[in-house]
Amino acid sequence: MSAELRVELTCRGDTRRLGRFIARNLEAGDLLVLEGDLGAGKTFLVRAIARGLAVPSDVPITSPTFELIHELAGRLPIVHADLYRLDDPESLADLGLLERIGTDAVALVEWGERFGAVLGDRLLVRLEMGEGSRRACELLARGPRAQALLGRMRALGLGAGRIPRLAALR
């Protein structure tokens, strides 16, 4: 089984559905690292995942660019971090991020792949911009836990460039 998968996102609705689909498969302790150019949709996807994890619609979900970490309450606790402004891997410990990874929360980390050796087992979610509103998303497992997560999503039909249309994902 391949440890990677590519999904085409032709509109914002596809990105929302992907986020909710990912959320349906997450377990406490999972780590997703989101990468992509500015404007590629990282925070938009985080918002869709958070809504899929039952974060109420009146709770704003924005990029923690200046605060670095936001915590959200949903079906599972969510730690949303933005590491764009960080250079030193030791600062991850200072933030308290490392102590939350692999515990009761789901960690959604934007701009974190350069810290991959420190973050450990993770699902890399790489968003690519295309023409107009077209985008692509690559999911790459970086460790056994991430491979299991990717396997759960494949088992429910994610793959071959498509996102399953599950009634419960509305």
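Run the quick spin-label model on residue 67 and residue 104: label points 7 Å from Cα toward the beta carbon, then report their separation in nm to one decimal.
1.9
Report Rg(Cα)/(2.2 N^0.38 Å) for the chain, keeping two decimals.
On the way: Rg = 14.7 Å, N = 170, 2.2 N^0.38 = 15.5 Å.
The reported ratio for this selection is 0.95.
Just name one of 54, 69, 159: the one whose Cα is farthest towards the positive end of the charge dipole of region 23-170 (beta-carbon charges, Lys/Arg +1, Asp/Glu -1).
159
Restricting to DSSP H runs of at least four residues, report the calculated mean residue ellipticity at 222 nm for the chain, -39500 (n - 2.57) per run over all residues, nearest 500 deg cm²/dmol. Intermediate values should be presented prior to the final figure.
On the way: 6 runs with 51 residues, N = 170.
Here the helix-only value at 222 nm equals -8500 deg cm²/dmol.
In nm, what is the difference between 0.36 nm times the number of residues separating residue 54 and residue 87 and their Cα-Cα distance? Display every interim value, and only then the final one.
Numbers: separation 33, 0.36 × 33 = 11.88 nm, distance 3.26 nm.
Gain on extension, residue 54 to residue 87, equals 8.6 nm.
Which whole-Hz couplings ³J(HN,Hα) result when phi for each residue of region 31-38 is put into the Karplus expression 6.51 cos²θ - 1.76 cosθ + 1.60, θ = phi - 60°, listed in order with x for Gly and Pro?
10, 10, 10, 9, 10, x, 4, 4
With +1 on each Lys and Arg Cβ and -1 on each Asp and Glu Cβ, and nothing else charged, work out how big the dipole of the chain is about its Cα centre, in Debye to the nearest 20.
Numbers: 24 positive and 23 negative charges, 235 e Å.
The dipole magnitude comes to about 1120 debye.
Once you put a point 7 Å from the Cα of residue 117 and another 7 Å from the Cα of residue 165, both along the Cβ direction, what distance in nm separates them?
Label-label distance for residue 117 and residue 165, simple model: 4.7 nm.
Hey, quick one: spin label on residue 94, modelled 7 Å out along Cα-Cβ, who in region 46-83 has an amide N within reach, i.e. under 18 Å?
The answer is 65-70, 81-83, whose backbone nitrogens lie closer than 18 Å to the label point.
How large is ³J(HN,Hα), in whole Hz, for each residue of region 13-21 in order, when computed from phi with the Karplus curve 6.51 cos²θ - 1.76 cosθ + 1.60 and θ = phi - 60°, using x for Gly and Pro?
So the J values, rounded to whole Hz, are x, 4, 5, 4, 4, 4, x, 5, 5.
With an 8 Å cut-off on Cα pairs and a minimum separation of 6 or more residues, tell me the relative contact order of region 4-156 in percent.
Working: 300 pairs, mean separation 51.2, N = 153.
It comes to 33 percent, rounded to a whole number.
We did not get these values from a lab; they are worked out from the coordinates using the rules stated. Just so you know, these numbers come straight off a predicted model, no measurement behind them. When we count neighbours, we look across all protein chains shown, and the Cβ atoms used for this are built from the backbone with ideal geometry, even at glycine.
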